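In what follows, a structure is listed as structure tokens, so that the remarks can point back to it.
Throughout, read-outs are computed from the coordinates displayed, never taken from laboratory work. The model shown is predicted, which means the values in this text are computed figures rather than measured ones. Glycine also receives a Cβ, built like all others from the backbone with ideal geometry; neighbour counts cover every protein chain displayed.
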Amino acid sequence: MEEHATEYVGTLFVLPESRCFELNTTVHGAPVTLTGTVTQQLAARFAGNAAAGEQVDVRRLALEPRRVEVLTREIHERHRAPRKVHFLMRVLDGGVQAGFAGAAG
């Protein structure tokens with residue numbers, strides 16, 4: 001298993017109830033849509049958990065492009081094609097600063 005964290009700029013859509021995200025961005029000039037899971041720490045902020053920090057209104061995230069950090073894990077399994085799994089780690093602008101959830105990058 002390999003993993004690395006990458007910063008992207010794009011339009012971010014979040015479904016806090018299911019902890020899913022979709023990021024519309026560009027990679028090497030080509031449009032790309034990344035989908036995956038929001039980390040538990042960041043999801044708690046989206047849900048308004050007071051212990052996690054300031055509440056974030058997910059409806060406002062998609063209003064303008066955001067700079068985000070996404071952890072990508074490439075999973076290699078025997079007798080299967082490699083697959084990539086994405087985790088939304090941080091939203092780096094727009095008043096949202098959630099730290100890493102213990103993953104190495």
Segment 1-79: D in µm²/s via Stokes-Einstein (Kirkwood Rh, Cα pairs, 20 °C, 1.002 mPa s)?
156 µm²/s
Could I have the simple spin-label model distance between Q40 and L63, label points 7 Å from Cα toward Cβ, reported in nm to one decimal?
3.2 nm
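Ranked from highest to lowest mean number of other Cβ atoms within 10 Å per residue, what is the order of the peptides 20-26, 74-80?
Values: 20-26: 17.7, 74-80: 8.4.
In decreasing order of mean packing, 20-26, 74-80 become 20-26, 74-80.
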